[in-house]
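Written out below as structure tokens is the structure these notes cover.
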Amino acid sequence: MRQGRKSYLSQQQSAWLLLAPFLVTYALFLVYPFFRGIWISLHDWNLLAVAFNPDAKDFIGLRNYERVMWGRNIEWGFTAPLLQGLGLIGLAFTAFLHRTNRLSRFNTIALGIVSLLLVVLPGFHPGEGGRWYDRRFWPTVANTVLFVGLTVPGVTVSALLLAAGMNRETRAMGILRTLFFLSQVLSVTVVTLIWQIMFSPRQGLIANITEVMGGTPINWLTDQQFAMAAIVIATVWWSLGIAMILFLAGLQDISSEIYEAAALDNARGARAFWYITLPNLRRTITLVVVLQIILHFQVFGQSHLMTQGGPNDTTQVLVRYIYQTGFRDSELGRASAMAVFLFVIMGAFSVIQFIIGREKDE
Amino acid sequence: MKHVLLTAAAAASFASAAPAQEVTLARFFGACEDAGTDTTTSVGEPCIIQSIINAASAEIDGVTVNTLPTDWGNYYDQVKAAFAGGTPPDVFVMHRHRIPEFAGLGALAEISGDLEAAGIDPADWSENALEAVSYEGGIYGVPMDFHANLWHVNMDLMAEAGLVENGEPILPSSPEELMEHAQMVKDATGQDYLAADFAQFPIGVRLVLALMWQQDSNIFSEDGTATINTEAGANAVTAITQLFDAGLANPQLNYADSQQAFLNGEAAVLVNGTWVVDFYAAEAAKEEVGLDNYYAADFPTLFDTGATWADSHMWALPSTIDGETRAAAMKVLAFINDHNIDWARTGHMAVRNSVVESDAYQSLPHRDEYAETAAIAKDTPPSERYGAIQDVLNRELQAIWLTGKPVEAALSDAELEVQDLLDR
């Protein structure tokens, strides 16, 4: 390096300079809107009225949260024996595993919290003469959780099986990998259109097959028992690709020597998958599961376009409710309060992912 | 398409001296790719309206119209978002039922002073049409139509069941008779009597509303008290559910499927709006379509007073518009107003007296078959929460016929929620 030139930036200065474009964009398009959302959630804020008169909003503190999540005469008790019982069993199980030292500290805490939430949350109910202020909010949350609960295992298991099956260096497998990934590049409008046609009881592929087999076609999208399943199926098909690619990457990290050694011990096929592949993929599986949970809590298009939340609200999900409250009903404050609630849920899972990511291999 | 391009090119070259004023226009009704500029031959809502808009763009000097996406599902959400973002369309279509919400917040331009200069004569509008666009003494739009629910009838199925007299369908006059007719159709043809979208789009809601109005009852009063869990409400709902329970109608069909069932000849009656009369007439004329003999009937009176759900389409300007854009937008409204007869071809009822009285209007296909509809047209009291209220009713009614929720429970839940909305 030449001497005497002092105009070079120090390492720290150049770091800030290089980071600046990102930080500015991040602050402008993520941090600012986020805090503004919280600010709006503390107001009675009509979308249209405020557009014409910026003063047409009232600060009401936490009233929006109360109106959305709470009610009159809300009591707590063992009113949902199934879920609460499950929670109690979970708590006991956690204690047992902790005693016998079979769980890491993190897993103990996670399992404990989930079980505790299962015991506590379903116990709230309106008492004598009471009611929820918003009768749709908690059922909507439950639908969203059900959707996530069905979709995430669906995506994970099918992507894992596909990846294991296609983890070979042949041309046919290359083509198949591309085919399975293709659905991922479609937009939600295209995906829902394809599946609406598939599910149509009159011209759909599924109905045609059912008829050939001698059955009566199911009205997938308007039948209470099948509507949620229908949007889950469409979603699994749609989001297989990324999970599959992640699993393929994970599979290629597993050294072939381990398989050779296992083969000598007579562990092939399904046994090798169970004893070699799965344990080595543990971190990838956790990553995929957490990413999918965060992603699918934001489900909107499938419910909005395929079932319009119906029948009878059985596929109404949180983001769609936020959208309706904000735009159809113009109640931006209330919608923002729900959005903050959704943020808390997704934030919790991000924290979990962060902790797992830092956890050392045992 | 070539024609449109040529016209557009010609318009562009003429306009190069004085730049054309661009008017952005938002509408629903759906897309029509090759609408052209011939307003007299297009078929169906999307193509008729787009041909009128294309013609306006081509024929009005110094004005080009830019049509925004035309999807119906999220139309009002998009318009609201555009308003909130400060970029509302210069001209947009809306329903009369939205006026309290939009005009109440000062979103709509009051245009009574612009009409004459633009060449629109409000005196030619029927009394109801003027009322439809009026709000607290001002005029907030140019009316385009009245639309209402009809009973679209497959005359061949009705004839097989012995339900045709003098070339007209015999329609029920009581809930009991509705059951009898439905059974007759089932016995004679094996097909369903009635189809409608009971599963998604609120056609089922509009049906129940009409049956409540026919008992001189309503879902809420002008002073904001919900009155849904009533005897009239239960009567209206059971008049329909009796058909489902007896297997004479299928509640699980959505809009497209119920329409397809009717066109395939699998249902004797389809409950749907005036907006499909010309489309069904055109379909019935096709060889390959199951429906051959089509009739558009007034919504029958099953209780005491005639009533059918109705609404009105109208064109409005945002309150922020002024100057040359406002003048150009008014020219577009005037052009649409001048083509009221073309729009009426869809099956909608015209709003201008001069059009209603014209031979061209009265000789439109099937027009005489539902001549009574204008007299029985009705809607709920005005409310800023119309959309949310419809949604509550749609949900609870679907719960009754799709998930077996008891009528009483659903109606009382609906009443609670509508009251919540009215109180907010």
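Look through A:V212, A:V191, A:V157 and report the one residue that is free of Cβ contacts under 8 Å to residues at least 60 places away in the same chain and farther than 30 Å from A:A272 by Cβ. If you could, list the steps in order and put the result at the bottom.
Numbers: A:V191 fails: free of Cβ contacts under 8 Å to residues at least 60 places away in the same chain; A:V157 fails: farther than 30 Å from A:A272 by Cβ.
Answer to the selection: A:V212.
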(request) Find the residue count for segment B:402-424, including only residues that are within 8 Å of another protein chain (Cβ to nearest Cβ), surrounded by fewer than 18 Cβ atoms within 10 Å (Cβ to Cβ) and among the aliphatic types (A, V, I, L, M). (result) 1
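Report, by residue number, each residue of segment B:1-29 that is modelled with pLDDT of 90 or more and outside any strand (DSSP E or B). It would help to see each step written out before you state the result.
Of all residues in segment B:1-29, those modelled with pLDDT of 90 or more come to B:21-29.
Answer for segment B:1-29, where residues must be modelled with pLDDT of 90 or more and outside any strand (DSSP E or B): B:R27, B:F28, B:F29.
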(message) Taking the condition of being surrounded by 18 or more Cβ atoms within 10 Å (Cβ to Cβ) and assigned to a loop (DSSP other than H, G, I, E, B), how many residues in segment B:230-260 meet it?
(response) 6
(message) Tell me which helices (runs of 4 or more DSSP H) are completely within segment A:19-78 and hold 2 or more residues being more than 26 Å from the chain's Cα centre (by Cα), or say none if there are none.
(response) A:47-52
(request) Starting from residues that are assigned to a loop (DSSP other than H, G, I, E, B) and surrounded by 22 or more Cβ atoms within 10 Å (Cβ to Cβ), keep the ones in segment B:80-89 and report whichever is farthest from the other protein chains (Cβ to nearest Cβ). (result) B:P89
(message) Here are the criteria: (1) buried (at least 19 other Cβ atoms within 10 Å of the Cβ); (2) at pLDDT 95 or above; (3) away from chain A (no Cβ under 13 Å). Tell me which single one B:S173 does not satisfy.
(response) (1)
(request) State whether one or more residues within segment B:387-401 are within 25 Å of B:G306 (Cα to Cα), more than 11 Å from every other protein chain (Cβ to nearest Cβ) and within 22 Å of the chain's Cα centre (by Cα). (result) yes
(message) List the residue pairs whose Cβ atoms are under 9 Å apart, where the first residue sits in segment B:398-414 and is not assigned by TED's automatic domain parsing to the domain that holds B:Y255, the second is among the β-branched types (V, I, T), and the two are 6 or more positions apart or on different chains.
(response) none
(request) Mind listing just one residue for me: the one in segment A:291-325 that is within 16 Å of A:V68 (Cβ to Cβ) and out of contact with any Lys or Arg (no Cβ under 8 Å at 6 or more places or on another chain) and, of those, farthest from the other protein chains (Cβ to nearest Cβ)? (result) A:L318
(request) Please tell me if A:F199 is at pLDDT below 95, surrounded by 18 or more Cβ atoms within 10 Å (Cβ to Cβ), over 24 Å from B:W401 (Cα atoms) and in contact with a Leu (Cβ under 9 Å, 6 or more places away or on another chain). (result) no
(request) Only one of these is of a type outside the set (S, T, N, Q) and away from every other protein chain (no Cβ under 12 Å): A:P201, A:P217, A:P153. Name it. (result) A:P153
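Taking segment B:353-397 as the region of interest, how many residues are not small (G, A, S) and not in a loop (DSSP other than H, G, I, E, B)?
Within segment B:353-397, the first condition is being not small (G, A, S), and the residues that meet it are B:353, B:355-357, B:359, B:361-362, B:364-370, B:372-373, B:376, B:378-382, B:384-386, B:389-397.
Okay, now just the ones that are also not in a loop (DSSP other than H, G, I, E, B), so B:353, B:355-356, B:359, B:361-362, B:367-370, B:373, B:376, B:378, B:386, B:389-397.
So the count comes out to 23.
So is B:A329 free of Cβ contacts under 8 Å to residues at least 24 places away in the same chain, away from chain A (no Cβ under 14 Å) and among the aliphatic types (A, V, I, L, M) or not?
Details: free of Cβ contacts under 8 Å to residues at least 24 places away in the same chain: no; away from chain A (no Cβ under 14 Å): yes; among the aliphatic types (A, V, I, L, M): yes.
No, not satisfied.
Considering only segment B:366-387, state which residues are more than 20 Å from B:M349 (Cβ to Cβ), surrounded by fewer than 16 Cβ atoms within 10 Å (Cβ to Cβ) and either at pLDDT 95 or above or touching a helix residue (DSSP H, G or I) at 6+ places or on another chain (Cβ under 9 Å) (or both).
To start, the set of residues in segment B:366-387 that are more than 20 Å from B:M349 (Cβ to Cβ) comprises B:381-387.
Still in the list and also surrounded by fewer than 16 Cβ atoms within 10 Å (Cβ to Cβ): B:381-382.
Correct list: B:P382 only.
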(message) Which condition from (1) surrounded by fewer than 21 Cβ atoms within 10 Å (Cβ to Cβ); (2) closer than 23 Å to B:T301 by Cβ; (3) in contact with a strand residue (DSSP E or B) (Cβ under 9 Å, 6 or more places away or on another chain) is the one that B:E165 breaks?
(response) (3)
(message) I'm trying to understand the selection: among the residues of segment A:206-227, which are crowded, with 19+ Cβ neighbours inside 10 Å and modelled with pLDDT of 90 or more?
(response) A:A227
(request) From the list A:R334, A:R328, A:R282, A:R320, pick out the single residue that is in contact with a helix residue (DSSP H, G or I) (Cβ under 6 Å, 6 or more places away or on another chain) and without any contact (Cβ under 8 Å) to a residue 12 or more places away in the chain. (result) A:R328
(message) Can you tell me which condition A:P311 does not meet? The list is (1) crowded, with 24+ Cβ neighbours inside 10 Å; (2) under 11 Å from the mean Cα position of the chain (by Cα), and all the others hold.
(response) (2)
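Listed here are the residues, each with its yes/no results for (1) crowded, with 16+ Cβ neighbours inside 10 Å; (2) within 30 Å of A:S255 (Cβ to Cβ).
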| residue | (1), (2) |
| --- | --- |
| A:W132 | yes, no |
| A:V141 | yes, no |
| A:L161 | no, yes |
| A:M166 | yes, yes |
| A:V190 | no, no |
| A:G204 | yes, no |
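The values are calculated or read from the model by the stated rules, or taken from the named source; none is laboratory data. On a predicted model such as this, the values are computed, not experimentally measured, just so you know. So basically every Cβ, Gly included, is an ideal-geometry build from the backbone, and we count neighbours across all protein chains shown.
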